[in-house]
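Taking it in order: structure first as structure tokens, then the write-up.
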Amino acid sequence: MNLTERAAGRIRELIEGNDKNLIGVRVGVKNAGCAGMAYTLDPVEAPNKADDKVSEHGVDVYVDPKAVLFLLGSTMDYEQSKLRSGFIFNNPNEVSSCGCGESVLLKPAEAATT
């Protein structure tokens, strides 16, 4: 997984603007919505040894081990418009999404063969 500079900037704002001593954010997926899954984003105060750690543009993002295969090859970005703002994922494992944009259908990335 990769981060854009916009996503890193917003993560930095969330960390610096929090009363807790945060070290980053954790990205995952959960069963939700009409398409089947939704991305999750949670504050991280202490690292979880099982998480994969992505360090880019001066911030740390921890990837929940249950989400790794769904997020391989993804790019996390941050979007702000007149109507909405939030993190978005450009994910090659995304098969479809619901009309409201709250959930997605994800397939696990295929393991590389040698």
Set the Förster radius R0 to 22 Å, insert the Cβ-Cβ distance between E94 and K66 as r into 1/(1 + (r/R0)^6), and round the FRET efficiency to 0.05.
0.85
Long-range HN-HN contacts of G24 with modeled amide H, under 5 Å
V44
Compute the length gained on full extension between N18 and E45: take 0.36 nm times their separation in residues and subtract their Cα-Cα distance, giving the result in nm to one decimal.
8.6 nm
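Please give the peptides 86-92, 17-23 ranked by average Cβ packing (other Cβ atoms within 10 Å per residue), highest first, as a rough proxy for protection. Don't skip to the answer; put the middle values down first.
On the way: 86-92: 15.7, 17-23: 10.4.
Final packing ranking: 86-92, 17-23.
Can you give me the accessible area per residue for segment 36-86, using a 1.4 Å probe, in Å²? Intermediate results must be reported in sequence, preceding the final value.
Values: 3080 Å² over 51 residues.
Using a 1.4 Å probe on heavy atoms only, each residue of segment 36-86 averages 60 Å².
Quickly rank 51-57, 62-68 as a protection proxy: mean count of other C-beta atoms within 10 Å, highest first. Present the calculation step by step, with values, prior to reporting the outcome.
Details: 51-57: 15.3, 62-68: 18.0.
The packing order, highest mean first, is 62-68, 51-57.
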Could you pull the Cα extents of segment 1-91 along its three principal axes, largest to smallest, in whole Å?
38, 35, 23
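Please give the length that would be gained between S81 and N31 if that part of the chain were fully extended, namely 0.36 nm times their separation in residues minus their C-alpha to C-alpha distance (nm, one decimal).
Numbers: separation 50, 0.36 × 50 = 18.00 nm, distance 2.70 nm.
Taking S81 through N31 to full extension adds about 15.3 nm, to one decimal.
The values are calculated or read from the model by the stated rules, or taken from the named source; none is laboratory data. Nothing here was measured: the structure is a model prediction, and the numbers come from that model. Backbone-built Cβ (ideal geometry, glycine too); neighbour counts: all protein chains shown. With ligands, DNA and RNA removed, areas are computed over all heavy atoms of the protein, side chains included. Shrake-Rupley method; radii C 1.70, N 1.55, O 1.52, S 1.80 Å.
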